[in-house]
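For reference, the structure discussed in these notes is given below.
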Amino acid sequence: MEIWAGSTAIITGGASGLGAATAEALTKAGLKVAIFDLNEELGKAKATELGGTFHRVDVSDAANVSAAMDAVVAQSGVPRVMVNCAGIGPAAKTVSRGAPHDAALFAKVIGINLIGSFICASEAAARMVGAEPMAPDGARGVIINTASVAAYEGQVGQVAYAASKGGIVGMTLPMARDLADKGVRVCSVAPGLFLTPLLQGLPQEVRTSLGAQVPFPSRLGNPAEFGKLVCHIVDNPMLNGEVIRLDGAIRMAPR
């Protein structure tokens, strides 16, 4: 991580869960972090803890994202690492009790998870490509998006979520190809069952049961393990255009 030490990383959804763990890991690796989140209380607390900055950002609002990135550049310099962790996952079936899936809810999930990731990635990339290279090979930055195993094995009630994460998978390689001649790498991580705030709210017996579905290690993933992979992607210059499953070999059943 030597060439990236002292540079700036933006993490969306950095106030909690996978995003917070990523912010912690990148800080330990010597980067300055800027947290983009809607939760001001948690976001400010995490930023203070890590010596970073907090920006209240709706990732689906392009103007909001652009303004926040300008603020980051002014405060900390051009972002060299962009990690998209912001996302939502409401459960709803294509048809439930005879009623169709709420179209506005479907659009909201796509807007935050997929379009939001694209907006943040493209806005960050636009700033990275104008910066000086960080290494002799011309490296200028790294973008990491968060997909999900649901992109491949979406479960009952995950049609919107799976579609949004499938979009993340689909845009990873073309985005990497778009930015290859500019020295910006793009990868995605597809986590399985992780101990995020959503699962932490479940009873212990339910969490244990979910963890037992994972072949090995038979437990829920620790968000710190996600952060560790993010650091490795940043540090390994040959990782580009790839989606990496981080799931303990689980393949999700329909339910």
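The values are calculated or read from the model by the stated rules, or taken from the named source; none is laboratory data. All of these numbers come straight from a predicted model, not from anything done at the bench. Glycine also receives a Cβ, built like all others from the backbone with ideal geometry; neighbour counts cover every protein chain displayed.
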### Test: residue 244 is assigned to a strand (DSSP E or B) and touching a residue at least 12 places away in the same chain (Cβ under 8 Å)
yes
### Task
Starting from region 76-91, take each residue that is touching a residue at least 12 places away in the same chain (Cβ under 8 Å) and under 21 Å from residue 38 (Cβ atoms) and list its partners that are in a loop (DSSP other than H, G, I, E, B) and β-branched (Val, Ile, Thr), counting only C-beta distances under 7 angstrom and pairs at least six apart or across chains.
86/59
## Note on the structure
Of the residues in region 200-224, those that are in a helix (DSSP H, G or I) and more than 28 Å from residue 171 (Cα to Cα) come to 200, 204, 205, 206, 207, 208, 209, 210, 211, 212
### Task
Evaluate region 150-160: report whether one residue or more is among the acidic types (Asp, Glu), in contact (Cβ under 8 Å) with a residue 60 or more places away in the chain and in a helix (DSSP H, G or I).
yes
### Task
Please note which helices (runs of 4 or more DSSP H) are completely contained in region 22-141 and include at least 1 residues that are touching a Ser or Thr at 6+ places or on another chain (Cβ under 9 Å), surrounded by 13 or more Cβ atoms within 10 Å (Cβ to Cβ) and polar (S, T, N, Q).
62-76, 116-128
### Query
Mind checking which residues of region 205-228 are in contact with a helix residue (DSSP H, G or I) (Cβ under 9 Å, 6 or more places away or on another chain), surrounded by fewer than 18 Cβ atoms within 10 Å (Cβ to Cβ) and among the aliphatic types (A, V, I, L, M)?
206, 210, 224
### Task
Can you confirm whether region 162-185 contains a residue that is at pLDDT 95 or above, on the phi < 0 side of the Ramachandran plot and assigned to a strand (DSSP E or B)?
yes
